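The block underneath contains the structure these notes are about, expressed in structure tokens.
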Amino acid sequence: GSLDGYSFDDYLFQSREGAQKPLSRQQSLNILKSAAKAVGIKDNVGTHSLRKTWGYHAWKKGFSPAIIMETLNHSNLTVTKRYLGIQQDDINDLYGSLNL
């Protein structure tokens, strides 16, 4: 398939070194760190941060935990919840929703 001249096989972020070459992991990291600094993020941000953030937001949007676990290639849901820091959020949401 294609979309306005782009193929689904095209790299979304291409290297400036030539057509149909992927952006290197190191260059991706450089761009990400530069962008984080530009918006005032002082935490250490890396490409792995994107993976964890994607999983966290998928969880919070209500996507199937089993699908998220599979996508992250984790062996079980406990690993995924610990990886995403979900357990404490779930506990906080529970207490907040009880309004006692």
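What to note about this one:
- Other residues whose C-beta falls under 13 angstrom from the C-beta of S15 contribute a net charge of +1, scoring Lys and Arg +1 and Asp and Glu -1.
- Using Cβ point charges alone (K and R +1, D and E -1), the dipole size of the chain about the Cα centre works out to roughly 420 debye.
- Cα-based Lys pair tally, the chain, threshold under 22 Å, eight or more apart or on separate chains: 10
- Once the chain from V39 to F63 is taken as fully extended at 0.36 nm per residue, the excess over their C-alpha distance is 5.8 nm.
- Each peptide in 38-47, 79-88, 62-71 receives the mean, over its residues, of other Cβ atoms within 10 Å, and ordering these scores from highest gives 79-88, 62-71, 38-47.
- Applying the Karplus relation 6.51 cos²θ - 1.76 cosθ + 1.60 with θ = phi - 60° to region 66-73 yields 3J(HN,Hα) values of 5, 5, 4, 4, 5, 5, 7, 6 Hz, where x marks Gly and Pro.
- Dipole orientation for the chain: of the candidates N30, L72, Y11, N30 has the Cα lying most toward the positive pole (charges on Cβ; Lys, Arg +1; Asp, Glu -1).
- Principal axis extents of the Cα atoms in the chain, from largest to smallest and rounded to whole angstrom, are 59, 36, 28.
- Against the compact-protein benchmark of 2.2 N^0.38 Å, the Cα-based radius of gyration of region 1-42 scales to 1.49.
- Ordering F63, G40, Q87 by the projection of their Cα atoms onto the charge dipole of the chain, which places +1 on the Cβ of Lys and Arg and -1 on the Cβ of Asp and Glu, puts G40 at the extreme positive end.
- Accessible surface area normalised per residue over region 17-100 is 77 Å², counting heavy atoms of protein chains with a 1.4 Å rolling probe.
- Rounded to 10°, Cα long-axis angle of helix 86-98 versus longest principal axis of the chain: 50 degrees
- Rounded FRET efficiency, nearest 0.05, which uses the C-beta distance separating F13 from N73 and R0 of 25 Å: 0.70
- Solvent-accessible area, 1.4 Å probe, carbon plus sulfur percent, for region 1-42: 55 percent
The values are calculated or read from the model by the stated rules, or taken from the named source; none is laboratory data. Source: prediction; values computed, not measured. Using ideal geometry, Cβ is built from the backbone for each residue, glycine included, and neighbour counts are taken over all protein chains shown. We work out accessible area using only protein heavy atoms, side chains counted, and drop any ligands, DNA or RNA first. Shrake-Rupley method; radii C 1.70, N 1.55, O 1.52, S 1.80 Å.
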